[in-house]
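Accompanying notes for the structure given below.
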Amino acid sequence: MIGIEALKLRVRRRETPTARALYRLAKAYRSAHVPVIRPLHLALYYEREARLSLWRTFLKAVYHEPLFRARCERVGERLRLTNGIPYIEGHLVIRLGDDVAIDGVSSLIAAKVHDRPVFEVGDRVFLGHQLTVSVAERVTIGSDVLVSDRVMIADNDGHPLDPARRAAGHPVAAADVRPVRIEDGAWIGTRAVILKGVTVGRGAVVASGSVVTRDVPPYSVVAGNPARVVRRDCRDGAPPEERAPQGVAGLAGEAR
């Protein structure tokens, strides 16, 4: 192996005529391509898409979904599971309602505080790509909620604030855990962070990238770090003075 690594280093340095020739050959190989024959390669492209789609559907139906349902305490009808099974760590109790969509590239983590922390989700909820939920006691999501990609929700700090306790590997204290609740009809934007003790009110919008440290009033729009109310009423027909500043409505990010 040492000899091979030494040879590779000589080739990268182009120290000898042979090394320079091998270097040129390697570069030519990496840049090699075949001409595009559009009808042929389009047919191959769609064949690949169909084959992978059939395989993913089969794998979801006979493997991913049954295993995920078995791990959960309750799962309603018409579960939509994409990209495999979410990563689940610890003794987390998971309860999902009907028509829940959840991406397999997500992490559902039980903190080492209470014996049976609960992650509960209502009906018709979308949980986006790379969602992270850390539960020490309870995180509750109501019905008709959209949670966009790369959102983090936690009812705990993850580690003790005291550096000595952190260094010793202690979990957060039970007194420092406060449940999180996201009420019906809320929309959590891309990369938003919902921290412990927060209630996101019914129909509220949390803009993309917001860090929410306090309760969000119903039907309001919050944005920023820390998140602050930028619109009091996001329902159609709200008075003109309650309209969001230009661009705020688009900050929430699209939930697929």
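Take the chain, connect every pair of alpha-carbon atoms lying under 10 Å apart with a spring to form a Gaussian network, then pick out the residue of 33, 170, 114 with the largest mean-square fluctuation. Residue with maximal mean-square fluctuation among 33, 170, 114: 33. In region 100-167, the C-alpha radius of gyration followed by the widest Cα-Cα span (Dmax) gives 13.4, 44 angstrom. Where only DSSP H runs of four or more residues are counted, the chain gives -7500 deg cm²/dmol as its mean residue ellipticity at 222 nm, each run worth -39500 (n - 2.57).
Atom-type composition of the exposed protein surface of the chain places 55 percent of the accessible area on carbon and sulfur (1.4 angstrom probe).
Region 1-90 gives an Rg/Rh value of 1.32, both radii derived from C-alpha positions and Rh following Kirkwood. The orientation-averaged projection of the convex hull spanning the C-alpha atoms of the chain amounts to 23.0 square nanometres. Pairwise Cα distances in region 174-215 exceed 15 Å for 39 percent of all pairs. Sorting 35-46, 174-185 by their mean Cβ neighbour count within 10 Å, with the most densely packed peptide first, gives 174-185, 35-46.
Ranking of 119, 126 by solvent-accessible surface, largest first: 126, 119 (1.4 Å probe, protein heavy atoms only, all chains present).
What's the FRET efficiency of residue 50 with residue 235 using the Cβ-Cβ distance as r and R₀ = 41 Å, to the nearest 0.05? It comes out at approximately 0.40.
Spin-label model, residue 7 to residue 87: label points 7 Å out along the Cα-to-beta-carbon direction sit 3.8 nm apart. When all alpha carbon pairs of region 144-242 are counted in 5 Å bins from zero, the resulting P(r) reads 3, 14, 21, 22, 14, 11, 7, 4, 2, 1, 1, 0 %.
The values are calculated or read from the model by the stated rules, or taken from the named source; none is laboratory data. Bear in mind that the values here come from a model prediction, so they are computed numbers and not experimental data. All Cβ positions, glycine included, derive from the backbone under ideal geometry; neighbour counts span all protein chains shown. Side chains included, ligands, DNA and RNA excluded: accessible areas come from the protein's heavy atoms. Shrake-Rupley method; radii C 1.70, N 1.55, O 1.52, S 1.80 Å.
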